[in-house]
1. Would you please classify the overall shape of the range 1-86 from the alpha carbon gyration tensor, given that a ≥ b ≥ c denote the square roots of the eigenvalues, rounded means a/c under 1.5, and beyond that prolate means a/b larger than b/c while oblate covers the rest?
2. I want to check the label-to-label distance for R41 and A116. Put each point 7 Å from Cα in the C-beta direction and report it in nm to one decimal.
3. To the nearest µm²/s, what D does Stokes-Einstein give for the range 48-131 at 25 °C and 0.890 mPa s, using the Kirkwood radius over alpha carbon pairs as Rh?
4. What order do you get for T88, T151, T94 when you list them from fewest to most C-beta neighbours inside 10 Å?
5. Quickly work out the R228-to-R163 label distance, labels modelled 7 Å from Cα along the C-beta direction, and quote it in nm with one decimal.
6. Which order results if I92, I347, I378 are arranged by neighbouring Cβ count within 10 Å, fewest first?
7. Give me, ordered by chain and number, the residues 5 or more places off V98 or on other chains with an amide H under 5 Å from its own placed amide H.
8. Less than 13 Å Cβ to Cβ from A237, Lys/Arg counted +1 and Asp/Glu -1: what total charge do the surrounding residues give?
Amino acid sequence: MLSVADALARVAARFAALPAEQVALPQALGRVLAEDLAATRDQPPAPVSAMDGYAVRSADLTGGSARLRVIGRVPAGGSFAGRVEAGTAVRIFTGAPVPDGADAVAIQENATVEGADVVLEGAVASGRNVRAQGLDVRAGETVLQAGRRLTARDLGLAASLNRVWLRVRRRPRVAILGTGDELVPPGVQPGPNAIIASNNVTLAAMVTAWGAQPIDLGIAPDRADGLRSALGNAAGADLLLTSGGASVGELDLMREVMDAPDDADGLAFWKIAMRPGKPLIFGHVGGVPLLGLPGNPVSSAVCACLFARAAIEVMLGRPHHPVLSSARLGRAMAANDTREDYVRARIERAADGETTATPFERQDSSMFRTFALADALIVRPPHAPAAQQGDRVQVMLLSPDGLAV
Ligand code: AMP
Ligand code: MG
């Protein structure tokens, strides 16, 4: 059996970053940046006031209070042509450039206007209430790096850098095909022994969350001709995900309809040392890379979280390794066997900030409800010894903090 890490590496090696495309800033949310974003100007562009008040020379206020002549006024976006000389001040507002000669701003709460003068109470240190030029961003600095999945905050930052277009990775097109004569799509009247097909819906939503564009190809029958024509609809996709058809007789069917291997790795039926999961097909159909996931809904979804996500991340120019975090076990677990175990668990945050992961009592891979309700998958390596409540374990967070699925 192949380890999960080896299988992930083999899948990742079969994909490359897709080309970039240009999108308008509002369309870039959730997309992956394909360029390093550098500032072309300082932000703020000049030393500016952080408060409403009076631009002063701090040396004038060392006595604790001073009467200064108000020689002008500068709003945000404006400028003051003159210079603040000893004994003078300029009325200033938040965000306005600090006039030459001034080195601090006295806040208006400490000011009393008396005719053409202002009386200021209290000393101000040099630099007080002044934001230095380039405090936030300096011209030439890279502020966002290629490969970053763009958040609402990133878009605001890009806008502040005067960008209206961004180069992002093209979204991978992921075709999704279910297989199985027993399956009917959701919404139709099922026969007594029919199974309602859920994998297409799960997988489409997952790949969308990871930044790809799903194409639902429906359900193919367990017949070579029907399977072949359904697979043909994946032409033009960057990745084809199938689910099911991985039981012994069906494997021959898959073998029949897939491209002949172009090299030793071209078509692979891997037995992966993981639970849930195990069988995974990798190959090509009509030149489109195919990942054949197990049919069991929990298995196909967990395999997608590892292998389909990795393929998508590579196509988006991002690191593909699953992000694991640490948690304390909410209850004891038995020793693990030879397969890496992905255990559905609830996450709780204790008052001390500690994260606790408590596995669901039953982990049967036919139980999709617990997968939907799980907050995380505890990742137990092969041969992990028995663990006690409170022991540290590695977890792969699901929504909302982790895989967003
Ligand atoms: P298979 O790998 O085709 O033998 O499928 C394994 C199990 O998963 C069988 O019980 C199938 O009925 C079930 N299954 C396969 N595809 C789906 C699907 N799209 N939705 C729900 N169950 C499925
Ligand atoms: Mg089947």
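1. prolate
2. Result: 3.5 nm between the two label points.
3. 206 µm²/s
4. In increasing order of surrounding Cβ atoms, one gets T151, T94, T88.
5. Rounded to a tenth, the inter-label distance reads 4.8 nm.
6. I347, I378, I92
7. Amide H to amide H, under 5 Å and 5 or more residues apart or across chains, V98 pairs with V48, S49.
8. +1
Quick note: the coordinates plus some simple rules give every number you see, no bench work behind them. For clarity, every value in this text was computed on a predicted model and none was experimentally measured. Reconstructed Cβ throughout: ideal geometry from the backbone, glycine too, with neighbour counts over all protein chains shown.
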